Amino acid sequence: MKKLFEIKRFIFYLWLGLPFVLLWAWHDITSFEATFLQALLNNFWRVIYIIVVNFIFFEYVVSFVLRKKQSIVFNILLCIVSLFVFMIIWSYGLYVWRSLGVALHIYTPLGPRSEIKTLLASQMAFSAGSIFFFGIIRHIYNFIKLKQAEQQLRIEKQAAELNYLRAQTNPHFLFNTLNNIYSLARDKSDLAPESILRLSKILRFMLYETGGEYISIEQELKIIDDYIALEKLRYDDSLRVNFKNDIEDMKQALPPLLLIPLVENAFKHGVSETRDQPFVDILLSVNKRHLTFVVKNSSETYVEENVKENIGLSNLRRQLELLYTDYDLSLQQGGSVFTATLKINLASHV
């Protein structure tokens, strides 16, 4: 894995060498009246040496110095020694490499014949320019890659948390449903077989339809209808359930089982605790990518500050935080009526 990484990094340096060659080729053409081919060949020859030396310097030497944590003085001394050694390699080494190119008739000397001291200074200028060029671009590249890695980690963390919340919600939902069936079975109700059949439909839906990231609103409505029908088996005719919808497009996408916690909450913490005239009123509207889901249910009278979120509602709120940037979930107790209102801008999905 490390070897593959090093190859990719070296290819990155090769790509950086291309604009560096063009910059110095333009410099040689304007300074020495060289032909484009001469300037291009000269700088291609020189940049081969520069790429290898800079790759070793930045990827191995600099990384090695930064990893050493013995003391500040030791790091400074190590940095000075490394720079001194590579200054010699950049200047004298590039001069030798240039001379080899001349001997092989690859490199064409430009301008008047110069002394070795002047040539060394010229090669050192070329090398110094490469240090700044490769160093700055490498730093920008590493910064961008680091930000991308952080973003990817954040996305993966949110996906893991979302899956965890869904894994909590589904068993919680099933546990409550099984409790309902248990109540019917305990009372030896003739409705127990029908409730088991409806539960099997819900289980089939949860196993085969909710594995993806989205389902259609039509499917979400179907599971809510099945759940309401299952709950109604527990109650007599005194329970009033009213479920209306106003949806412009039934095929719009929605995260699976996003709305069911509010319906479940209405029955478990509302209707089941109401002694007189229990009811549930549900309204779902989706227009121009704006969803509004209002669930009202009967409840015993208590003051507003005692409104608390159970695990289902807490998980729902956290899922909304992870899924959307524009949403609102409000819970309100007014006398003997509890109202949960969910508003989502479906276009704000992250």
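Looking only at the stretch 250-272, residues that are β-branched (Val, Ile, Thr) and within 30 Å of the chain's Cα centre (by Cα) come to 1 in all.
Filtering the stretch 236-255 for residues that are within 17 Å of Leu316 (Cα to Cα) and assigned by TED's automatic domain parsing to the domain that holds Tyr324 leaves a non-empty set. For the stretch 142-149, state whether one or more residues are out of contact with any strand residue (DSSP E or B) (no Cβ under 8 Å at 6 or more places or on another chain), at pLDDT below 75 and over 18 Å from Val62 (Cα atoms). Yes: the stretch 142-149 contains one or more residues that are out of contact with any strand residue (DSSP E or B) (no Cβ under 8 Å at 6 or more places or on another chain), at pLDDT below 75 and over 18 Å from Val62 (Cα atoms). Could you please let me know if Phe173 is of a type in the set (Phe, Trp, Tyr) and at pLDDT 70 or above? When the stated conditions are applied, Phe173 does not pass them. The set of residues in the stretch 93-114 that are assigned to a helix (DSSP H, G or I) and hydrophobic (A, V, I, L, M, F, W, C) comprises Leu94, Val96, Trp97, Leu100, Val102, Ala103.
Here the stretch 192-245 is the region considered, the condition is being modelled with pLDDT of 85 or more and among the polar types (S, T, N, Q), and the residue that is surrounded by the most Cβ atoms within 10 Å (Cβ to Cβ) is Gln219. When Leu23 is tested against (1) buried (at least 16 other Cβ atoms within 10 Å of the Cβ); (2) of a type in the set (A, V, I, L, M, F, W, C); (3) under 19 Å from Arg98 (Cβ atoms), exactly one condition is not met: (1).
Scanning the stretch 212-252 for residues that are part of a loop (DSSP other than H, G, I, E, B) and free of Cβ contacts under 8 Å to residues at least 40 places away in the same chain yields Asp236, Asp237, Asp249, Met250, Lys251. Six or more apart or on different chains, Cβ atoms under 9 Å: show the pairs whose first residue is in the stretch 117-128 and closer than 13 Å to Ile88 by Cα and whose second is β-branched (Val, Ile, Thr). Going by the 9 Å Cβ cut-off, the qualifying pairs are Ser127/Ile50; Ser127/Val53; Ser127/Ile89.
Among strands (runs of 3 or more DSSP E) entirely within the stretch 256-350, having at least 1 residues that are surrounded by fewer than 16 Cβ atoms within 10 Å (Cβ to Cβ) and modelled with pLDDT under 85 singles out 327-334.
Mind checking which residues of the stretch 181-206 are under 41 Å from the mean Cα position of the chain (by Cα) and not small (Gly, Ala, Ser)? Ile181, Ile196, Leu197, Arg198, Leu199, Lys201, Ile202, Leu203, Arg204, Phe205, Met206 - these are the residues of the stretch 181-206 that are under 41 Å from the mean Cα position of the chain (by Cα) and not small (Gly, Ala, Ser).
What do you reckon, is Tyr107 in the same structural domain as Ile7 (by TED's automatic domain parsing) and farther than 27 Å from Glu6 by Cβ? When the stated conditions are applied, Tyr107 passes them.
The values are calculated or read from the model by the stated rules, or taken from the named source; none is laboratory data. A quick note: this is a predicted structure, and the numbers were derived from the prediction, not measured. Glycine gets a Cβ as well: all are built from the backbone with ideal geometry, and neighbour counts include every protein chain shown.
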